Amino acid sequence: MLSKVIAARIARLVATLFAVSLLTFLMVEQLPGDPILAILPPEALDDLESIERIRSELRLDDPVIIRYGRWVGNALQGDLGKSYITDQRVSDAIKDRIPVTIELAFLASLIAALAAIPIGAFSAYHEGGRFDRIASAFTTTALSIPAFLAGLFFIWLFTLKFNWLPSTGWSRITDKGILANLKTAILPAGSLALAALAINARLIRADMIGTLKEDYILSARAKGLPSRYILMRHALRPSSLTAITVFGLQFGGLIGGTVVIETVFALPGLGTRLISGIYQRDTMMIQGITLFIATVYVVVNLFIDLLYLVLDPRIRRQ
Amino acid sequence: MMSKSKDITGLTVAGSKRSGRLSAVKEMPFLVKCALFWLVFIVAAAIYTRLDRLFGQALPLQDPFYQGFLFGGSSPTEGPSLDHVLGTDILSRDNLSRLLHGAWVSIAVATTVVSFGIVVGGLLGAFVGYARGRWETLVMGIMDVVLAFPPLVLLLALVAIYKVRSLPVIALVFGILSIPTYVRIARASTLGVASREFVQAAEAIGTKRVWILFREIIPNILPSLFAYALINAGFVIVVEGTLSYLGLSVQIPEPTWGNMINEGRRDIRQTILPIFWPGLFLTLSVVSLNMLGDWFQQRVAIRSSSL
């Protein structure tokens, strides 16, 4: 039964990835302007012979389907082609920049998860009370502030007003150690985490309000256990399944979200490379990075789906 | 999230279903009323500035493109004054006027997306949810594939295609991408409504299926679609602001809240005001939509549970 479900999910994954690759390829194919214009310097454009030579070298004149097949075939072997503009291999660019993006997304989901649990739990425990109302105002606001705006505000507050943290740039763990790295990562990760944090806190609150009405909570209370113990041990545990799913699904979304945040903080991640590729009309780079991010997103989501299936037998039976 | 007392008002609303639109406004909690007021103000600003352009800037409002430092009258990043109530930006253009003109892009994109979602997504979802069978499998399969994309990255790649990023292009791209969620919601609510007694009764007396779809099902799924639409509109405004900030939405000099923030960023060391005003307008609009959406969703939930 379980293996049947897993097989169906994987079939859907393959269909999705096919659609993602086709759409990415066709979209970028529609980009205005001949890639030749980006490759050759303007003075070389009169030289029709060299234009023809490069065209046939890059095999730009093949039909779309053949070029798509070639692109996907190479991509499956880890070769996403070469940038026409900087001559860099797309796979090298991704390898070079993915650590920043992954770290940001990971830190952001960590912050969102860790901060959301106490906020959600205490709001649920004091439902309708003062803490709950303040927390609810906070989550509504946090949910509504665009990440880039939060980032700019953090730069203004923590760099320009208090001068605590650097506003831009990235220090690799291998350069100056983990502390210097966290110093450059905390503001972008924090601004990225804000909306996810709000969603998590709301979900945990709603989930806990239901759990707190269960009989076993009443019996724990009757035994005279301290309320903090009841909250963390008895009430949080059944809610953790929802939490795992949501956090996992968010991780995929946060990888997409880093695109903007990296730009705000000028970080050397995948997102800034994608954006600069868009500005420069660097076809290969846009195609490669979009395909890569989409694949990570789809695979992470599938993995979370399956994890949920394994963890919660109730879903399997449905 | 609302407290207990507001749940009770919700229940009384559910009891008197035909209480009319105005009394619904009266029963709103104070903050939700404020949210509604702000949204009315923003929509009015968007329409007013369009009319202003239509009449060749004859209405009382500063020109959003007039650069005072070139032609006299003002200097860059002025503080608030009688001439410029919210000061001027780095090209010495009037902030207030640009903010109000900027409302148009946000409102227009959000409205288009939401209408697209409700009309196309809602109809499609209601149809496959009621017809079931092969169509349902096919349509929901396609929707699942579209939803499996990372939205922002897909949007970036899609928007990058267009050299001329005009308002209709941006709105259309956003609109098409938003359809799947509406289809899902419409289908899920249709499945719930289709098993109700009044639908069974209509089927029993031999009413045509199309008639049932439009007379019985769609009116009953509209509230939940509308509740989602309010939240979705807020999300769309955030995403449009983000693209604008990256310079990938409607192009300058046309003011949008996002590109105003981008322009103000360069002066962040001197003053935060050029970021603060568009940021405030953007955030307030999204907060308002979210609050109104939450409130409406609760009303819908209470209503449908009492049906």
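Coordinate-derived values only; no laboratory data. Predicted, not measured: the structure shown is a model, and the values here were computed from it. Reconstructed Cβ throughout: ideal geometry from the backbone, glycine too, with neighbour counts over all protein chains shown.
Things worth noting here:
- For the range B:101-253, taking Cα atoms only, Rg and Dmax work out to 17.7, 61 Å respectively.
- Net charge contributed by nearby residues that have their C-beta within less than 14 Å of residue A:227 (K/R +1, D/E -1): +3
- Neighbourhood charge, 12 Å Cβ-Cβ cut-off, centred on residue A:153 and excluding it, Lys, Arg +1 and Asp, Glu -1: +2
- Karplus-derived HN-Hα couplings along the range B:239-255 (A = 6.51, B = -1.76, C = 1.60, θ = phi - 60°), whole Hz, x at Gly and Pro: 5, 4, x, 5, 5, 4, 4, 7, x, 10, 10, 3, 8, 5, x, 3, x
- Under the Karplus curve 6.51 cos²θ - 1.76 cosθ + 1.60, θ = phi - 60°, whole-Hz ³J(HN,Hα) for the range B:32-41, x wherever Gly or Pro sits: 5, 4, 4, 4, 4, 4, 4, 5, 4, 4
- When both the range B:220-252 and the range A:129-196 are represented by their alpha-carbon centers, they are found 24 Å apart.
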